[in-house]
1. Which numbered condition trips up A:Tyr274, out of (1) more than 11 Å from every other protein chain (Cβ to nearest Cβ); (2) in a loop (DSSP other than H, G, I, E, B); (3) within 26 Å of A:Tyr41 (Cα to Cα)?
2. Please go through region B:34-85 and pick out each residue that is away from chain A (no Cβ under 14 Å), not hydroxyl-bearing (Ser, Thr, Tyr) and not in a helix (DSSP H, G or I).
3. Which residue out of A:Leu253, A:Leu230 is of a type outside the set (Lys, Arg), open to solvent by 70 Å² or more (accessible area, probe 1.4 Å), within 17 Å of the chain's Cα centre (by Cα) and within 13 Å of chain B (Cβ to nearest Cβ)?
4. Find the residue count for region B:365-390, including only residues that are of a type outside the set (Val, Ile, Thr), surrounded by 15 or more Cβ atoms within 10 Å (Cβ to Cβ) and in contact (Cβ under 8 Å) with a residue 40 or more places away in the chain.
5. Can you say whether B:Phe356 is open to solvent by less than 50 Å² (accessible area, probe 1.4 Å), in contact (Cβ under 8 Å) with a residue 12 or more places away in the chain and either out of contact with any Phe, Trp or Tyr (no Cβ under 9 Å at 6 or more places or on another chain) or away from chain A (no Cβ under 14 Å) (or both), as far as the supplied structure shows?
6. Go through (1) open to solvent by 40 Å² or more (accessible area, probe 1.4 Å); (2) under 30 Å from B:Gly264 (Cα atoms); (3) acidic (Asp, Glu); (4) touching a helix residue (DSSP H, G or I) at 6+ places or on another chain (Cβ under 6 Å) and name the single condition A:Glu273 misses.
7. Restricting attention to region B:228-244, and to residues there that are more than 23 Å from A:Arg313 (Cβ to Cβ) and open to solvent by 40 Å² or more (accessible area, probe 1.4 Å), which single residue is farthest from the other protein chains (Cβ to nearest Cβ)?
8. For a quick check of your reading of the model, give me the residue pairs whose first member lies in region B:275-287 and is within 7 Å of chain A (Cβ to nearest Cβ) and open to solvent by less than 20 Å² (accessible area, probe 1.4 Å), whose second is part of a helix (DSSP H, G or I) and among the aliphatic types (A, V, I, L, M), with beta-carbon atoms closer than 6 Å and at least 6 apart or on different chains.
Amino acid sequence: MNKELKIFGVVAFFTLLLYWGVEPFAHSQMHKHVEGHGFTYDGTADIAEASAEKKEAKTAFWADVKKIAALEGDAVAGEATFGMCMGCHMDGAGNMGGVIPPSLDHAGAIYDKNYLIALIKDPAMASNVDHKYADTMMHPMGSIKTMVTEPQDIANVVAYLKANKSAEPTAKEAFSEACARCHAMRYDKATQLGDTPTFKYKKDELAHEIKVIEEQDAVKAYMGKLPPDLSMIIRARSHHFMETFVENPQSQLAGTSMPRVGLNEAGYEKVEEYLSDIGDPSKPAREIAGPWVIGFMILFTILAYLWKSSLWRDLH
Amino acid sequence: MAHFDENAKPFSAQWLDERLAISTVRKVLAFEYWIPKNINFLWAMGMVLAATFGILVVSGIFLLMYYQPGVDTAFDSVNYLIMTEVGYGWLWRHVHGVGASLVFLIIYIHMFTGIYYGSYKRGREMIWLSGMLLFVLFSAEAFSGYMLPWGQMSYWAGMVITNLFSGGSLEAYGLVEWIRGDYVPGQAFLTRFFMLHVFLLPLVIIGGIVFHFATLRLPHVNNQDGEDFDFEEAAELYKAGKVKESKVIPFQPVFLSKDVFVMGIYFILFFYLVFYNFDFAMDPVNFDPADGLKTPAHIYPEWYFLWSYEILRPFSKDLGLIAFGIAQVIFLALPFLDRSPNVAPASKRGLFHIWFWLMLIDVLVLTFMGKLPPTDATFAFIGLVSAVLFFVLWIALPFITKIEKKL
């Protein structure tokens with residue numbers, strides 16, 4: 001018996017060593033380590049990774065953002081300014097300069113305050129994709145820079161969003177507003193145009209398909225390639241990768257055309273919940289069945305041990 | 001003409017016995033199939049393997065009912081249809097994935113047990129050879145199965161492994177195309193590996209398992225001390241009721257009861273992994289759909305092929321391929337390279353004892369290095385040293401066993 005336990009110890013040791021080597025250790029070596037920053041946005045990472053000639057501009061930009069964030073915003077005054085935003089951010093908006101302007105219905109709840117300020121001040125800088133607009137191309141939301149210029153106006157609009165657009169979204173709403181204009185979700189029958197309706201006639205279905213292709217072509221022209229469908233992304237990337245990537249896509253994929261969307265922690269959790277619902281739908285069932293199956297095996301093992309003992313008792 | 005009792009009830013024991021000799025069969029295969037008493041739980045690995053294979057077959061049958069082997073449908077049939085729409089499809093898939101990984105863990109434990117106790121010599125050569133044949137078959141089965149979800153790792157592993165058949169400087173690309181049925185992995189490739197995985201290879205494996213069992217029957221199972229004793233005599237003692245004095249036990253029910261207990265412990269681990277820790281067996285990269293225009297940053301095989309992959313990597317193209325080829329078959333030669341007459345645990349065999357642990361650790365180190373990016377100079381160097389050591393050990397084996405003292 002003691003000898004068996006000793007042998008078991010040796011086998012268990014080498015098995016665990018093997019597991020450690022091919023899983024935790026290998027993964028720690030394979031991926032570069034990126035530090036998360038808790039879904040707050042103050043430009044530290046942007047400045048650190050910026051090229052020499054951009055460092056100064058970025059430092060100044062984020063210093064300005066900090067100043068505006070310190071201002072007292074007036075939500076009532078902000079509503080008037082928000083009227084301008086509604087010109088594009090409205091229901092049924094079409095593609096503008098590459099993407100469909102997102103709904104802002106829950107913007108106050110899912111996006112970080114500093115990020116919203118930065119975005120209104122300079123969308124390309126805020127989303128950390130200014131490298132894409134070095135030449136003549138303009139950010140689709142670039143015109144905001146001439147529309148809302150006063151720091152107080154920016155503070156007011158953000159105060160308005162935080163006060164009036166801050167109802168808690170469903171997981172799907174959070175994803176739709178933050179991600180779904182570029183990323184399809186085919187396992188939820190959603191495209192860049194939103195949920196795919198059911199059609200009575202093939203002709204209508206094909207017509208819709210053409211609209212989707214046209215929208216995807218526009219996104220592709222803007223982004224350089226069609227952003228991936230995210231149906232299985234929750235299992236294709238680690239939890240840590242997803243968090244740090246959403247916080248700052250450049251940190252994990254330098255030079256990517258994906259903009260930072262500025263989700264706060266609550267907003268990201270909602271998005272992750274949706275990705276998990278679609279990409280790993282068996283999770284609740286797994287958690288229910290797991291203890292029963294393992295409990296059964298433990299009972300099985302105890303009975304097997306008793307059977308074995310009764311047969312082996314007289315052998316030695 | 002045998003005697004048939006006309007009054008025997010159909011399907012009664014007597015009736016069956018007259019037609020199928022079932023009592024003789026049961027004797028030969030179970031109740032009077034003698035196993036040494038002096039064994040430990042490692043002797044149960046064979047039955048653990050058989051059970052795991054059974055679970056792979058059953059879960060595979062359920063998956064096969066919904067899997068669609070098309071380049072446009074395979075990924076979604078696995079990740080959406082089976083995982084979302086099929087009742088308990090996720091369970092069958094995770095059981096199949098974890099089972100495929102664990103079957104190799106147990107194969108390796110089974111193999112190194114055999115090496116440690118010298119269970120490949122003196123009449124047991126065919127056991128070893130048929131077992132290694134099963135290892136090769138399981139490897140082919142694992143590789144072909146890995147193609148089926150048609151994710152990024154399926155596609156690129158398929159690309160890399162089939163490319164090996166170009167033979168380095170031989171540049172036999174015609175052979176590679178013949179294997180793939182296309183210039184790159186595509187529909188023809190997927191369908192033929194599907195056929196191999198669900199039909200031809202399982203069929204051959206079942207034959208292999210039967211053969212492996214058959215090779216055991218005459219030389220009998222080895223024991224913890226490699227002791228050579230008269231099984232007939234020991235069996236007579238047991239049958240006479242002197243079970244304490246006898247060195248053997250019958251397969252059924254005595255040996256089996258221990259097997260079942262060990263299986264119980266194994267299945268606790270198995271289902272823990274199925275429910276709570278399955279990522280190790282289902283690589284995240286393979287949850288990205290296959291894309292021939294996007295090579296993953298690191299392409300690596302599943303953990304059980306890493307050691308031989310690392311033997312391929314550190315050398316130049318042709319040398320690496322030759323080394324890889326030799327590594328695949330060298331274990332088959334073990335009974336002939338071990339020149340010592342001793343059948344004993346490695347701990348009693350002097351230099352061979354050191355050889356055993358060096359080999360085990362070397363294979364582990366090769367496995368670790370096989371998954372790491374080859375761009376790191378330190379890891380590449382460790383990989384090279386371990387690969388060279390692997391061959392040094394095999395070359396040294398006949399010499400150190402030749403000078404081994406007879407016990």
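1. A:Tyr274 satisfies all of (1) more than 11 Å from every other protein chain (Cβ to nearest Cβ); (2) in a loop (DSSP other than H, G, I, E, B); (3) within 26 Å of A:Tyr41 (Cα to Cα) except (2).
2. Answer for region B:34-85, where residues must be away from chain A (no Cβ under 14 Å), not hydroxyl-bearing (Ser, Thr, Tyr) and not in a helix (DSSP H, G or I): B:Met65, B:Gln68, B:Pro69, B:Gly70, B:Val71.
3. A:Leu253
4. The number of residues fulfilling the criteria is 12.
5. Criteria not met by B:Phe356.
6. Every condition holds for A:Glu273 apart from (2).
7. The selected residue is B:Asp228.
8. Within 6 Å, the pairs are B:Phe287/A:Ala236.
The values are calculated or read from the model by the stated rules, or taken from the named source; none is laboratory data. Because the structure is a prediction, the values reported are computed rather than measured. Every residue, glycine among them, receives a Cβ derived from its backbone with ideal geometry; neighbour counts consider all protein chains shown. Calculation scope for accessible area: heavy atoms of the full protein, side chains included, ligands and nucleic acids excluded. Shrake-Rupley method; radii C 1.70, N 1.55, O 1.52, S 1.80 Å.
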